[in-house]
Amino acid sequence: MRGPAGTRTGTGARRGVVAACLTGALALTLSGCAGFLVPAGEGEPELTPSTSYTPDVHADELDPSDLAVAPSAERPPAGDVPGPTPTPSAVATGDCPSSGVVVDMGEVQAALGHRAVSLTLTNCGSKPFRVDGYPSVRALDDEGDPLPVPVNPGSSYMGTDRGPKQVMLKPGKTLNALLAWVSTPTGGDLIEGDALEIAPAPGLEARTFPLEGSDVRLLDELNMTAWRAVSPR
């Protein structure tokens, strides 16, 4: 069919319109999908490297007066820390008898039922003192009266007696002796003593030392060594 002025109408015209539309749609489709067909790195916007953030850090000098210091207890220097207070002796307290010599007794030592104490003779005076012999020892009861405990010069389980030797004891110098006894029933008849009375020698000023502990106060007999510069062993 032909229309006015030779224009073709109907099916042929419609086919031309459809073809034109298909051609346009295909062009749009290819244009819209082009992003998926671009090789890697082409057509994409160039990435700008990010700049890392560096915080603005700075230090200021602090005034020492701005620092709060917690109060603390004052501590003495290491060398000034007081140690245990020893039991004062007659020499340390300045209690020097008129004779110029004083005796001290150490702690009781124990071994297999045997007991012993070390005795020390010190010249606390200003002149030399001649020593030749044994200490003078007596056991006392709780009222200070003497007990019938034998006292013998000589060796014991706890030490060897080398006998007396004359010594000129200079001021400030010391001599040693050992006093021993047995505190078990196998040692024989035992007497309970409360103290020991000890003097440097018979006739000189004596000192009294208490005995503490039931296993120490039981006495059979007392054995003592002579005064010597070296402790008996």
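The values are calculated or read from the model by the stated rules, or taken from the named source; none is laboratory data. Only a predicted model underlies this, so the values are computations on that prediction, with no experimental measurement involved. Backbone-built Cβ (ideal geometry, glycine too); neighbour counts: all protein chains shown. Just so you know, the surface numbers come from the protein's heavy atoms only, side chains and all, with ligands and any DNA or RNA stripped out. Shrake-Rupley method; radii C 1.70, N 1.55, O 1.52, S 1.80 Å.
Filtered by the rule that a residue be touching a residue at least 60 places away in the same chain (Cβ under 8 Å) and either open to solvent by 40 Å² or more (accessible area, probe 1.4 Å) or over 24 Å from Arg228 (Cβ atoms) (or both), the range 192-202 gives Glu197, Pro202.
Matching residues to (1) among the basic types (Lys, Arg); (2) in contact with a strand residue (DSSP E or B) (Cβ under 9 Å, 6 or more places away or on another chain); (3) under 13 Å from Ser136 (Cα atoms):
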| residue | (1), (2), (3) |
| --- | --- |
| Met168 | no, yes, no |
| Thr174 | no, yes, no |
| Leu190 | no, yes, no |
| Ala201 | no, yes, yes |
| Arg207 | yes, yes, yes |
| Asp215 | no, yes, no |
| Glu221 | no, yes, no |
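Per this entry, Leu169 is counted among residues that are of a type outside the set (Val, Ile, Thr) and within 42 Å of the chain's Cα centre (by Cα).
For beta carbons closer than 6 Å, sequence separation of 6+ or different chains, a first residue in the range 206-233 that is more than 17 Å from Val131 (Cα to Cα) and touching a residue at least 12 places away in the same chain (Cβ under 8 Å) and a second that is surrounded by 14 or more Cβ atoms within 10 Å (Cβ to Cβ) and of a type in the set (Ser, Thr, Tyr), the qualifying pairs are Asp215/Ser183; Leu218/Ser183; Asn223/Ser156.
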